[in-house]
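> I'd like to ask you about the structure that follows.
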Amino acid sequence: MKLKKILLTSTLLLAAYSTTMQAQQTQVIAHRGFWQTTGSAQNSITALVKADSIHCYGSELDVWLTADNQLVVNHDDVFKGVIPQDATAAVCTTVRLDNGEPMPTLRQYVLKSRELSTRLIVELKPHRTPEQETRAVQGIVRMIHDYDLEDRVEYISFSLHAVKEFIRLAPAGTPVFYLNGDLEPQALKDLGCAGADYELSVFRQHPEWIAECHALGMKVNAWTVNNAQDMEWLIAHNVDYITTNDPLLLQQILQKNKQ
Ligand code: MG
């Protein structure tokens, strides 16, 4: 027992050391795109373009499967009176976002991203049934393949079923992260996840999970981090990615830390 503990401690120390030596800089992910700026809105095509224009590592987006098995980009389970999983895509896309754009389909989002270089961090929202989620994952994975974006996509979900389906159906090596915060690093590794993508409060409670993920060869992303103190804490703990509504602030802090 004692030997096991010593071995685990040495592994973690070694991992922490090699992380410091490699010192890869924390990357910026724009939460629902870069939307806190003129003319933009959450999950709009504009927010994707703006995240790319400030060179974010990735731009996160939320996806629903509609009642007619199409994929649309929006966060809310009810958006301006429309429930995406109960409505057709034709109805969803008549709803306007706050910047006047129609709610985008995933196809429109993917087509635009072919002109850009930021990575797509695709979140599948939890649906009412696992069958809907499986159909959604099949549709997303196929579309990303058809538009040749497999090297620029990562998948995330609060739904454990969706996470397992992404791991099963996406090409081997595609990063898939679980968002719900209730699984320890080893359990994520056993599932085949690329790492822990948890709310900041989870890492505040379990800061040791960051080094444990790294020791297991996994990545760490924290969300949704909008103030400077929290950003500094995460950067000091060598997290790989921070998802934020304020990508410019995070970039400023990273720049300052480099000097
Ligand atoms: Mg999201």
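The values are calculated or read from the model by the stated rules, or taken from the named source; none is laboratory data. What you are looking at is a predicted structure, and each value in this text was computed from that prediction instead of being measured. Here Cβ is always computed from backbone atoms with ideal geometry, including for glycine, and neighbour counts include all displayed protein chains. Just the protein is used for accessible areas: all its heavy atoms, side chains included, with ligands, DNA and RNA removed. Shrake-Rupley method; radii C 1.70, N 1.55, O 1.52, S 1.80 Å.
> So, residue 193, is that one assigned to a helix (DSSP H, G or I) and crowded, with 22+ Cβ neighbours inside 10 Å or not?
Working: assigned to a helix (DSSP H, G or I): no; crowded, with 22+ Cβ neighbours inside 10 Å: yes.
Criteria not met by residue 193.
> Report the residue count in region 25-76 for those that are assigned to a loop (DSSP other than H, G, I, E, B), closer than 14 Å to residue 93 by Cβ and touching a residue at least 24 places away in the same chain (Cβ under 8 Å).
Quick first cut of region 25-76, residues assigned to a loop (DSSP other than H, G, I, E, B) only: 25-26, 31-44, 54-57, 66-70, 74-76.
With the extra rule that they be closer than 14 Å to residue 93 by Cβ, the set shrinks to 43-44, 66-68, 70, 74.
Filter again for touching a residue at least 24 places away in the same chain (Cβ under 8 Å), leaving 43-44, 66, 70, 74.
Counting residues in region 25-76 that are assigned to a loop (DSSP other than H, G, I, E, B), closer than 14 Å to residue 93 by Cβ and touching a residue at least 24 places away in the same chain (Cβ under 8 Å) gives 5.
> Report yes if some residue within region 168-180 is part of a helix (DSSP H, G or I) and at pLDDT 95 or above; otherwise report no.
The answer is yes, given that some residue of region 168-180 is part of a helix (DSSP H, G or I) and at pLDDT 95 or above.
> Follow-up. With the requirement that a residue be at positive phi and in contact with a Phe, Trp or Tyr (Cβ under 9 Å, 6 or more places away or on another chain), what does region 166-198 give you? Give the derivation first.
Quick first cut of region 166-198, residues at positive phi only: 173, 181, 192, 195.
If the condition is that a residue be at positive phi and in contact with a Phe, Trp or Tyr (Cβ under 9 Å, 6 or more places away or on another chain), then 181, 195 are the ones that fit.
> Restricting region 56-79 to residues that are touching a Pro at 6+ places or on another chain (Cβ under 9 Å) and away from the ligand (no atom under 13 Å from the Cβ), which is farthest from residue 247 (Cα to Cα)?
My answer is 67.
> For residue 208, are the conditions met, namely being more than 21 Å from residue 58 (Cα to Cα) and buried (at least 20 other Cβ atoms within 10 Å of the Cβ)? Please lay out each step first, then the result.
Numbers: more than 21 Å from residue 58 (Cα to Cα): yes; buried (at least 20 other Cβ atoms within 10 Å of the Cβ): no.
Taking the combined requirement at face value, the residue does not satisfy it.
> Counting just the residues of region 80-89 that are under 23 Å from residue 40 (Cβ atoms) and surrounded by fewer than 15 Cβ atoms within 10 Å (Cβ to Cβ), which one comes out nearest to the ligand (Cβ to nearest atom)?
By that ranking, first place goes to 80.
> Being within 16 Å of the ligand (Cβ to nearest atom) and part of a helix (DSSP H, G or I) is the filter here; which residues of region 138-155 pass it? Break it down stepwise before answering.
As a first pass, look at region 138-155 and keep what is within 16 Å of the ligand (Cβ to nearest atom): 140, 153-155.
The one that is within 16 Å of the ligand (Cβ to nearest atom) and part of a helix (DSSP H, G or I): 140.
> Keeping to region 219-240, report how many residues are more than 16 Å from the ligand (Cβ to nearest atom) and not in a helix (DSSP H, G or I).
The initial filter retains those residues of region 219-240 that are more than 16 Å from the ligand (Cβ to nearest atom), namely 219-220, 227-240.
Checking which are not in a helix (DSSP H, G or I) leaves us with 219-220, 227, 237-240.
Going through region 219-240 one residue at a time, the tally reaches 7.
> So residue 48 clears everything in (1) away from the ligand (no atom under 16 Å from the Cβ); (2) hydrophobic (A, V, I, L, M, F, W, C); (3) within 25 Å of residue 248 (Cα to Cα) except one condition, right? Which one?
Of everything listed in (1) away from the ligand (no atom under 16 Å from the Cβ); (2) hydrophobic (A, V, I, L, M, F, W, C); (3) within 25 Å of residue 248 (Cα to Cα), residue 48 misses just condition (1).
> Same structure, new question: Select from region 117-148 the residues that are open to solvent by less than 10 Å² (accessible area, probe 1.4 Å) and of a type in the set (A, V, I, L, M) and list them in ascending order.
The answer is 120, 121, 122, 124, 136, 137, 140, 144.
> When the residues of region 28-45 are narrowed to those that are within 16 Å of the ligand (Cβ to nearest atom) and open to solvent by 50 Å² or more (accessible area, probe 1.4 Å), which ends up farthest from residue 104 (Cα to Cα)?
36
> Related question: Among (1) within 16 Å of the ligand (Cβ to nearest atom); (2) open to solvent by 30 Å² or more (accessible area, probe 1.4 Å), which single condition is residue 112 missing?
(1)
> List pairs: first residue in region 174-187 and over 11 Å from residue 221 (Cα atoms) and within 13 Å of the ligand (Cβ to nearest atom), second residue part of a loop (DSSP other than H, G, I, E, B) and open to solvent by 10 Å² or more (accessible area, probe 1.4 Å) anywhere in the structure, Cβ distance under 8 angstrom, at least six positions apart or on different chains.
Filtered contacts from region 174-187: 180/158.
> Under 8 Å by Cβ, and 6 or more places apart or on different chains, what pairs join a residue from region 122-143 that is among the small types (Gly, Ala, Ser) with one that is assigned to a loop (DSSP other than H, G, I, E, B) and within 16 Å of the ligand (Cβ to nearest atom)?
136/127
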